[in-house]
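Novice: Got a structure for you, written out below as structure tokens; questions coming shortly.
The values are calculated or read from the model by the stated rules, or taken from the named source; none is laboratory data. Note that the structure is predicted; figures quoted are calculated from it, not measured. Cβ atoms come from the backbone with ideal geometry, glycine included; neighbour counts cover every protein chain shown. All accessible areas refer to the heavy atoms of the entire protein, side chains included, with ligands and DNA or RNA removed. Shrake-Rupley method; radii C 1.70, N 1.55, O 1.52, S 1.80 Å.
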Amino acid sequence: MTTITRMRTAGAAAATATILALALAGCAGTETPDATEPGGTTTEGGKIAFVIKPLDNTYFGAMAEGAQAAADEAGVELTVVAAENVTDDSGQASKLNALVTAGYDCYVVNPTSQTNLLTGLVPVSEAGTPIVNLDLPIDLDAAADAGVDVTTYVGTNNETAGAAGGEAMLGLVDEGSQVALIGGLVADPGNIARLAGFEKAVEGKLEITQTVAADFDKAKAKSAAATILIANPDIKGFFTPSGDMAMGIQQAVEEAGKTGEVAVVGIDGTQDQLKDIVAGGQPAAIEQFPYLMGVQSVQACVAAMGGADIPDNVETPVLIVTKDNAQAALDAFPAPPEGFEVPNPFD
């Protein structure tokens, strides 16, 4: 049974070089990188297409790095193409179409929207080729209407991640304490689920005084937190579904002179968050693992290409990071830390 921590360094250098090359190719123009060129090792073990959001975003870059490590481990060929930005619906769809024309044995898709890749996936599904949906869930109703059959979904359960945030907060503040929630985009499904998970976890134990939206923007989150701290000096904690927003909120806490008095807990577990915890800033973060998502998406393809019957949904686990394990998490980043081994769910 392969565990994720064994492949933390496998192919890392090759993955980084490949990802950087593809990112630079994307910056040079709008054309899709040649789909016949592999994103990594060329073998006879199968060809996987990996369609992702922008690689200059560290979150999605980590996905690609994990996918390449898993591809190297399994001896399969990986081709990575990426959207220019998180709203590049048509550009990402065009890059998928080029890969479909070239022909691959499995497609991993991390769409920019819940429907933008459906048209391109129709011939993939008609051919019976496996489709692995990564991170942002495809709209399954729309997929069914289009005749697209998604083989499996791999990603964080956002409500579970929010609940982990609630658990972390309960360990940091006294029962009955007042806390505020600073969310992302109001209509974003992930944002809604993360806030709901937190609320359920602390129901009857903490008082949520208010919930505001900061559009996943660090500066807006900082401003919102500063306003709340002035209006309500009894606030003891902030929860946010975003690592970048957590950094902004922490800045507001520090500027208010309340470091150590007001707890900030944010989901993502970015490198900056982990460094801040080590330095004595934020007391906790919920680390999700885009690297691990990339690994598991390739593992899903390998299993599906081999004819295995795989589950419809695989939840990538999260980890509560505190001062006690932050250095270990930082040392292993973006892979899971030592001791946090996750078996291949498709074995």
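Novice: Pairs only if they're at least six apart or on different chains, beta carbon under 9 angstrom, first in the stretch 66-93 and on the phi > 0 side of the Ramachandran plot, second open to solvent by 20 Å² or more (accessible area, probe 1.4 Å) and in a loop (DSSP other than H, G, I, E, B); list them, first residue then second.
Specialist: Gly75/Thr41; Gly75/Thr43; Gly75/Glu44; Gly75/Gly45
Novice: Within the stretch 310-324, take every residue that is aliphatic (A, V, I, L, M) and assigned to a loop (DSSP other than H, G, I, E, B) and give me the one that is surrounded by the most Cβ atoms within 10 Å (Cβ to Cβ). Outline the logic, then answer.
Specialist: Here is the first cut: in the stretch 310-324, the ones aliphatic (A, V, I, L, M) are 310, 314, 318-321.
Cutting the leftovers down to assigned to a loop (DSSP other than H, G, I, E, B) gives us 310, 318.
Working: Ile310: 20, Val318: 24.
Result: Val318.
Novice: Mind telling me which of the residues Phe216, Phe238, Phe198 ends up being under 21 Å from Glu159 (Cα atoms), of a type in the set (A, V, I, L, M, F, W, C) and open to solvent by 70 Å² or more (accessible area, probe 1.4 Å)?
Specialist: Phe216
Novice: Also, I was wondering about something else. Quick test of your reading of the structure: Gly281 fulfils all but one of (1) open to solvent by less than 20 Å² (accessible area, probe 1.4 Å); (2) among the small types (Gly, Ala, Ser); (3) not in a loop (DSSP other than H, G, I, E, B). Name the failing condition by number.
Specialist: Every condition holds for Gly281 apart from (3).
Novice: Give just the number: which of (1) out of contact with any Phe, Trp or Tyr (no Cβ under 6 Å at 6 or more places or on another chain); (2) modelled with pLDDT of 50 or more does Ala17 not satisfy?
Specialist: All conditions are met except number (2).
Novice: With respect to Asp174, is the statement that it is part of a loop (DSSP other than H, G, I, E, B), surrounded by fewer than 19 Cβ atoms within 10 Å (Cβ to Cβ) and among the acidic types (Asp, Glu) true?
Specialist: Numbers: part of a loop (DSSP other than H, G, I, E, B): yes; surrounded by fewer than 19 Cβ atoms within 10 Å (Cβ to Cβ): yes; among the acidic types (Asp, Glu): yes.
The answer is yes for Asp174.
Novice: Which members of the stretch 97-117 meet the condition of being crowded, with 24+ Cβ neighbours inside 10 Å, in contact with a Leu (Cβ under 8 Å, 6 or more places away or on another chain) and of a type outside the set (Ser, Thr, Tyr)?
Specialist: Scanning the stretch 97-117 gives Val108, Val109, Asn110, Pro111, Leu117.
Novice: Okay, moving on. Please verify whether Thr156 is closer than 22 Å to Phe60 by Cβ, crowded, with 17+ Cβ neighbours inside 10 Å, in contact (Cβ under 8 Å) with a residue 24 or more places away in the chain and over 19 Å from the mean Cα position of the chain (by Cα), treating the condition exactly as stated.
Specialist: Working: closer than 22 Å to Phe60 by Cβ: yes; crowded, with 17+ Cβ neighbours inside 10 Å: yes; in contact (Cβ under 8 Å) with a residue 24 or more places away in the chain: yes; over 19 Å from the mean Cα position of the chain (by Cα): no.
For Thr156, the condition - closer than 22 Å to Phe60 by Cβ, crowded, with 17+ Cβ neighbours inside 10 Å, in contact (Cβ under 8 Å) with a residue 24 or more places away in the chain and over 19 Å from the mean Cα position of the chain (by Cα) - is not met.
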